[in-house]
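The values are calculated or read from the model by the stated rules, or taken from the named source; none is laboratory data. Small disclaimer: the values here were computed from a predicted structure and weren't measured. Backbone-built Cβ (ideal geometry, glycine too); neighbour counts: all protein chains shown. What goes into the accessible areas is simple: the full protein's heavy atoms, side chains included, and nothing from ligands, DNA or RNA. Shrake-Rupley method; radii C 1.70, N 1.55, O 1.52, S 1.80 Å.
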Amino acid sequence: MLSKIELSTPEEGFIKITREIMNIVEESGVKEGICTVFCPHTTAGLTINENADPDVVRDLTLAMNTLSPDRKEYRHAEGNSSAHVKALLTGSSLQLIISHGKLLLGTWQGIYFAEYDGPRSRNVFVKIIEG
Amino acid sequence: MLSKIELSTPEEGFIKITREIMNIVEESGVKEGICTVFCPHTTAGLTINENADPDVVRDLTLAMNTLSPDRKEYRHAEGNSSAHVKALLTGSSLQLIISHGKLLLGTWQGIYFAEYDGPRSRNVFVKIIEG
Amino acid sequence: MLSKIELSTPEEGFIKITREIMNIVEESGVKEGICTVFCPHTTAGLTINENADPDVVRDLTLAMNTLSPDRKEYRHAEGNSSAHVKALLTGSSLQLIISHGKLLLGTWQGIYFAEYDGPRSRNVFVKIIEG
């Protein structure tokens, strides 16, 4: 089963997609298996982090901007190399476990689409394998 | 097959869990497949790095503390945003290959649980898919 | 199905392996499934980033060297701890989706082997699971 989530993103930030992925898993009817979440973009990524206090993802944005500022030495003509670096650091796929028909997540875990070069229309693919 | 590893972690550092995961793979009897290792926490992660010289993971801890210091601009009330950033940079899952009944790892590769906000009781889930 | 790609790498940089992985997927005959790409080395990694403008991966190299310079505090006798840190930040596996017999990649996505401590002979493993 392959599904697609469509997002309209802000300039930057972490957009929670936990509920959308949970719904896809539950609608699949798969009880035991794995779930691959894939970001087909090169200036965005996927990550799992705290779902409760929104200050955490606000702090993550601040940290990523500190780790990967724009640098005058960059040559990429589009001018968004700092976002490409953040994408490398974040990663473009997540591998999740399905158990008893549900995503196996920790109490505090939420799944986020990390936008580093928005606003844009973005997609996320979700693939479920039974086993 | 879904298994759980339970860990008691120190304040920070990389805890080797290669042997525990190898045992789960070997006990499963699966000869060919993939193995997903998942960390259900938001201030810790999973990584693969050198298994021989313990100075490597000591140097990794030093580097992560340099890359993600505490910052006075952070707002998260719990005060551990620097650990949440390290978790983002490290990643929360590993995807491994099973071949001839064993984990396919390079000579120098060990599997580590990265603790960034201990000491705590932590879990790691291991899911095996045959194929 | 398990395949191996062999590479001779330069001192550092991002080597495109998109075509090699696409070929393995197409030769497998698998129409729907997932594809795990695994790097069995501890001073290199795997990442997905822009495939069009070669200045992007040139800028990524510059950024990784800025994020992880050699540090006099490092103790690892081999002297390549900065490369081990880059490997941690990059990650050692990619999880890809196969749809309609092809890799599901975004328009601008290329798959790269990230060499942080070459030149060396390196391997990449590719495992396909149907489902």
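Across region C:88-111, the number of residues qualifying as over 22 Å from C:K31 (Cα atoms), within 14 Å of the chain's Cα centre (by Cα) and open to solvent by 10 Å² or more (accessible area, probe 1.4 Å) comes to 3.
Taking the criterion of being at positive phi and either facing another protein chain (nearest Cβ under 7 Å) or assigned to a strand (DSSP E or B) (or both), the only residue of region B:89-115 that qualifies is B:G91.
Within region B:34-61, the set of residues being of a type in the set (G, A, S) and in a strand (DSSP E or B) comprises B:A44, B:G45. Quick check, is B:G79 more than 9 Å from every other protein chain (Cβ to nearest Cβ), more than 12 Å from the chain's Cα centre (by Cα) and under 29 Å from A:D53 (Cβ atoms)? Taking the combined requirement at face value, the residue satisfies it. Residue selection: C:T61 satisfies the criterion of being in contact (Cβ under 8 Å) with a residue 12 or more places away in the chain and within 28 Å of A:R75 (Cα to Cα).
In region B:76-110, what count of residues is obtained for those that are free of Cβ contacts under 8 Å to residues at least 60 places away in the same chain and touching an Asp or Glu at 6+ places or on another chain (Cβ under 9 Å)? Going through region B:76-110 one residue at a time, the tally reaches 13. Reported count of residues in region A:54-76, each being within 12 Å of chain C (Cβ to nearest Cβ), modelled with pLDDT of 95 or more and open to solvent by less than 20 Å² (accessible area, probe 1.4 Å), is 3. Taking the conditions (1) within 14 Å of chain A (Cβ to nearest Cβ); (2) touching a Lys or Arg at 6+ places or on another chain (Cβ under 9 Å) in turn, B:L46 satisfies each one other than (2).
Matching residues to (1) within 14 Å of chain C (Cβ to nearest Cβ); (2) under 27 Å from B:K127 (Cα atoms); (3) open to solvent by 10 Å² or more (accessible area, probe 1.4 Å):
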{"site": "A:S8", "(1), (2), (3)": "no, no, yes"}
{"site": "A:F14", "(1), (2), (3)": "no, no, yes"}
{"site": "A:E32", "(1), (2), (3)": "yes, yes, yes"}
{"site": "A:T36", "(1), (2), (3)": "yes, yes, no"}
{"site": "A:P40", "(1), (2), (3)": "yes, yes, yes"}
{"site": "A:A52", "(1), (2), (3)": "no, yes, yes"}
